[in-house]
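Visitor: Let me give you the structure first, and then I'll get to my questions.
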Amino acid sequence: MTPREPFAGRLRPVWLLGHGLTSEELALVELRASGRLAAQRRLGPSDPVLLGARALLRLDPDIGPISCFSPLQDSELVLDAAGLDSTEAGAGGMLLRPSNGRMEVVRDGQRTVVSAREAIFLAGGRPASVWLRHVDRVDCLILASERITANMLECSASLRVFPQNNDTLVLLGNYGAALMRGLLPMSGPVLLQHACAYMGDLVDILCGEAEAQTPHTVQDRAAARLNAIKSDIEAHLDDQALNASQIALRHGISTRYLQKLFEGERETFSEFVLQRRLDRAMRRLQSPDERKRSISEIAFDVGFGDLSYFNRTFRRRFDTSPRLVRAKHRSVLAPPAGSELPDAGSA
């Protein structure tokens, strides 16, 4: 989507929470990094609720990405000509990607099944019926009508399904996840327009690619699967309960095979997760936007459950402590001694 009004602030994630959420569902929201950093408010009667979701994570201002948590299961969900319900004025199409389970789509007598982490794009003049089976979350990207291209309309008409290891889809997913978690600095109308255009261009590239982007060799298939797994890990680093069995189950492989994929790159699953959490913590300790958050809050936000373990592994990796990194970057950001900002209206 394109921001509907001029916006001069900073892009931020926002939770929209349904009134009927159970305590377990609320706890799941709070475990996510965005849950801590994002604003929260209850869904109102005028708020659009995509796919009957009980909780939504979107951006403010709304530029297209939205995650639908606990969507309605085993019931027909009719999406209009734009792939959306009629409350989304100006929308032209939608990319849908279930995190697990399967999604069945029927339109004009055609039927297709979208499996976990695959995607489909819907647009172009005819309603579609969707059924969700054992799907916990659907990640969506809404595009404004002026961004719909011939490639997109052709893919929508054929109900083409994009495989989870498609390079363009993985890139789009990683970019959207970074925006939704507040990891990319994004403020002002120019950057927001650029983000909208970039995501629209990626969807156009995705729809314009050859029918299949399937690796031909065993090595290629293994590399593609490992890239998809790493993307999944990046999206769930904040989950302190993240483990190899959980990831293997989501990707339909054994834990032993998952470990074997990482051994091919001379590391273990646990080493990769630890490295990515430490790198994310380092970026946040250096960020001026995080200067008001404590070191322990940052450690827990990136997935550590034990502060002493975080400090110990951080020092081992970077040969310095989180406290020294924080102090160094605060001194760089601080104004010189004796300097003051001029009063409003002063020369």
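Visitor: Could you give every pair whose Cβ atoms fall below 6 Å, whose first residue belongs to the range 125-139 and is touching a residue at least 40 places away in the same chain (Cβ under 8 Å) and among the hydroxyl-bearing types (Ser, Thr, Tyr), and whose second residue is in a strand (DSSP E or B) and surrounded by 14 or more Cβ atoms within 10 Å (Cβ to Cβ), counting only separations of at least 6 or pairs across chains?
Guide: 129/106
Visitor: Let me ask something else about it. From (1) open to solvent by 60 Å² or more (accessible area, probe 1.4 Å); (2) not in a helix (DSSP H, G or I), pick out the condition that doesn't hold for residue 315.
Guide: Unmet condition: (2).
Visitor: I need the full set of residues from the range 131-146 which are buried (at least 17 other Cβ atoms within 10 Å of the Cβ) and either assigned to a strand (DSSP E or B) or modelled with pLDDT of 90 or more (or both), in order please.
Guide: 131, 132, 137, 138, 139, 140, 141, 142, 143, 144
Visitor: Could you say whether any residue in the range 154-167 is more than 16 Å from residue 68 (Cα to Cα) and assigned to a strand (DSSP E or B)?
Guide: yes
Visitor: Might you check whether a residue that is outside any helix (DSSP H, G or I), open to solvent by 20 Å² or more (accessible area, probe 1.4 Å), out of contact with any His (no Cβ under 6 Å at 6 or more places or on another chain) and closer than 29 Å to residue 102 by Cβ occurs anywhere in the range 182-196?
Guide: No: zero hits.
Visitor: Can you work out which of the residues in the range 286-303 that are modelled with pLDDT of 90 or more and closer than 15 Å to residue 323 by Cβ is surrounded by the most Cβ atoms within 10 Å (Cβ to Cβ)?
Guide: Across the range 286-303, the extreme among qualifying residues is 299.
Visitor: Any chance you could count how many residues in the range 63-97 are under 22 Å from the mean Cα position of the chain (by Cα), modelled with pLDDT of 60 or more and not aliphatic (A, V, I, L, M)?
Guide: 11
Visitor: Could you say whether any residue in the range 206-229 is of a type outside the set (S, T, N, Q), loosely packed, with under 13 Cβ neighbours inside 10 Å and modelled with pLDDT of 90 or more?
Guide: no
Visitor: For the range 105-127, enumerate the residues that are surrounded by 23 or more Cβ atoms within 10 Å (Cβ to Cβ) and either among the aliphatic types (A, V, I, L, M) or over 23 Å from residue 224 (Cα atoms) (or both).
Guide: Across the range 105-127, the qualifying residues are 114, 119, 120, 122, 123.
Visitor: Looking only at the range 230-254, count how many residues are at pLDDT 85 or above and either in contact with a His (Cβ under 7 Å, 6 or more places away or on another chain) or not in a helix (DSSP H, G or I) (or both).
Guide: Counting residues in the range 230-254 that are at pLDDT 85 or above and either in contact with a His (Cβ under 7 Å, 6 or more places away or on another chain) or not in a helix (DSSP H, G or I) (or both) gives 9.
Visitor: Next question, about the same structure. Hey, among the residues in the range 112-130 that are modelled with pLDDT of 85 or more and charged (D, E, K, R), which one's farthest from the chain's Cα centre (by Cα)?
Guide: By that ranking, first place goes to 118.
Visitor: Scan the range 255-263 and give yes if some residue there is in contact with a Lys or Arg (Cβ under 7 Å, 6 or more places away or on another chain) and either surrounded by 15 or more Cβ atoms within 10 Å (Cβ to Cβ) or at pLDDT 80 or above (or both), otherwise no.
Guide: Checked the range 255-263: at least one residue is in contact with a Lys or Arg (Cβ under 7 Å, 6 or more places away or on another chain) and either surrounded by 15 or more Cβ atoms within 10 Å (Cβ to Cβ) or at pLDDT 80 or above (or both).
The values are calculated or read from the model by the stated rules, or taken from the named source; none is laboratory data. Quick caveat: nothing in here was measured; it's all calculated off a predicted structure. In this analysis, Cβ positions are derived from the backbone assuming ideal geometry, glycine residues included, and neighbour counts consider all displayed protein chains. Calculation scope for accessible area: heavy atoms of the full protein, side chains included, ligands and nucleic acids excluded. Shrake-Rupley method; radii C 1.70, N 1.55, O 1.52, S 1.80 Å.
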